[in-house]
Structure formats: structure tokens, C-alpha cells
Amino acid sequence: MSVEQSVFNERYRVIDRIGSGGMSVVYRAQDLLLGRIVALKVLHENLTEDEGFLRRFQREAHSAANLYHPNIVTVHDIGQERNRHYIVMEFVDGRTLKQLVRLQNQQGRPLSIQQALDLAIQICAGIGYAHRANLVHCDVKSQNILVTLDDRVKVAD
């Protein structure tokens, strides 16, 4: 059975793929227990063979799960289904900062100075909160900054 047709731990039903990176694939899923839509980040199986990497992944996931800030994606759950390790996060309805900037430029209206400053302040607020909690975000880039439809920032990953 493919991941796209999976239910993880009889709780998270995969709906569709919404993104991918070098370490994982992210799916939109439904939490069958609570009835809400979530983001399900599934670590590539070949990475689970490296015990050191897997320990770091789990330690960072636990650390992120203890962060509560309006500009950081909330981690709801961490788990494992057979050899597939995953993190369940808040689903953010919107787009990445990279997508937003590209769209604005394609439409011939780049971000205004005020909008850029507002987004930057929110990004710094989220990352600053994580740093004060001794968690360093090692992959800050526009693809890991989510922007909701009403311009609220959520730092992810």
C-alpha cells in the first residue's frame, strides 16, 4: 500500500501530498480521532537506518513540540508506523513565503515595504522565541516560512 492510501497508527488518514524535501514528504491528512486536518511529515525511510540521525530527528521533534508561539507551526504528535517515522503538525492554509513572493512578482506587484516588514517581524518573533528556548532553526529559508491567507506567518521545519 502506498503512503497516499495510508492511515498512520489508525489515526491519521493521508489525503494528498503537499510538499517534499531532502529529509521528508509532507501530506495533508485527517486526524480521525479529532476530526481536524493536519500536516503529516513523514521521514524518508532510507534515513531511518542511521541511528544517530533518527535520534536527532526525534530529539528535535520533541523540542519543537514544546514550543507554543503564534508564529511557529504547532506540533501535535510524533509517532512511528512500522519503519515510517512521522510528525503531525498544525495544517497551515496558505502558501510558502517563496510562493507568495513569486506570485506577487508575476502579477507585477512585489511585496510592499510595509508587508515585507510585517512578515519579517513575525518571522523574527517566531525564530527568536525558538532561540530563547535553546532551539536553533538550522534551515531558515523562504520555503520553510508559511504565510496564511490573512498574512500571518508560521515558521515551519
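The values are calculated or read from the model by the stated rules, or taken from the named source; none is laboratory data. Everything numeric in this text was worked out from a predicted model, so none of it was measured. In this analysis, Cβ positions are derived from the backbone assuming ideal geometry, glycine residues included, and neighbour counts consider all displayed protein chains. Note: accessible area is taken over every heavy atom of the protein model, side chains too, but ligands, DNA and RNA are not part of it. Shrake-Rupley method; radii C 1.70, N 1.55, O 1.52, S 1.80 Å.
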Check: Which stretch or stretches of region 16-47 have amide N atoms under 19 Å from the point lying 7 Å from residue 150's Cα along the Cα→Cβ direction?
Finding: 37
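Which value, to two decimals, describes the C-alpha radius of gyration of the chain once divided by 2.2 N^0.38 Å? Before the final figure, lay out the partial values.
On the way: Rg = 16.2 Å, N = 157, 2.2 N^0.38 = 15.0 Å.
Cα Rg divided by the expected 2.2 N^0.38 Å: 1.08.
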Note to self: How much of the pair distance distribution for region 46-108 lies past 17 Å, counting alpha-carbon pairs only, in percent?
What the structure shows: 57
Checklist line | Carbon and sulfur %, accessible surface of the chain computed with the full protein complex present, 1.4 Å | finding: 51
Next item on the list: Just order 19-29, 102-112 by mean Cβ neighbour count inside 10 Å, highest at the front, would you?
Entry: 19-29, 102-112
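Report, in deg cm²/dmol and to the nearest 500, the calculated mean residue ellipticity at 222 nm for the chain, where each DSSP H run with n ≥ 4 adds -39500 (n - 2.57) and the sum is divided by the residue count.
On the way: 3 runs with 45 residues, N = 157.
It comes out at -9500 deg cm²/dmol, rounded to the nearest 500.
So what's the convex hull volume per residue for the Cα atoms of region 72-157, in Å³?
Numbers: hull volume 9.7 nm³, N = 86.
Once divided by residue count, the hull of region 72-157 is 113 Å³.
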Notebook entry, point to check: Could you state the number of Å between the C-alpha centres of region 67-96 and region 102-127?
Noted result: 24
Notebook entry, point to check: What does the charge dipole of the chain about its Cα centre add up to, to the nearest 20 debye, if the Cβ of each Lys and Arg holds +1 and the Cβ of each Asp and Glu holds -1?
Noted result: 300
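Taking only protein heavy atoms and a 1.4 Å probe, what accessible area per residue, in Å², does region 57-157 have with all protein chains in place?
Numbers: 5940 Å² over 101 residues.
Each residue of region 57-157 exposes 59 Å² on average to a 1.4 Å probe.
Sorting check: for 40-48, 58-66, which peptide has the highest mean count of neighbouring beta carbons within 10 Å, and how do the rest follow?
Numbers: 40-48: 18.0, 58-66: 14.9.
Those peptides, ordered most packed to least, come out 40-48, 58-66.
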Next item on the list: Using +1 at the Cβ of each Lys and Arg and -1 at the Cβ of each Asp and Glu in region 1-139, identify which of 97, 135, 22 lies farthest towards the dipole's positive end.
Entry: 97
Item checked: Modelled label reach - residue 10, point 7 Å along Cα→Cβ, region 27-59 residues with backbone N closer than 14 Å -> 32-33
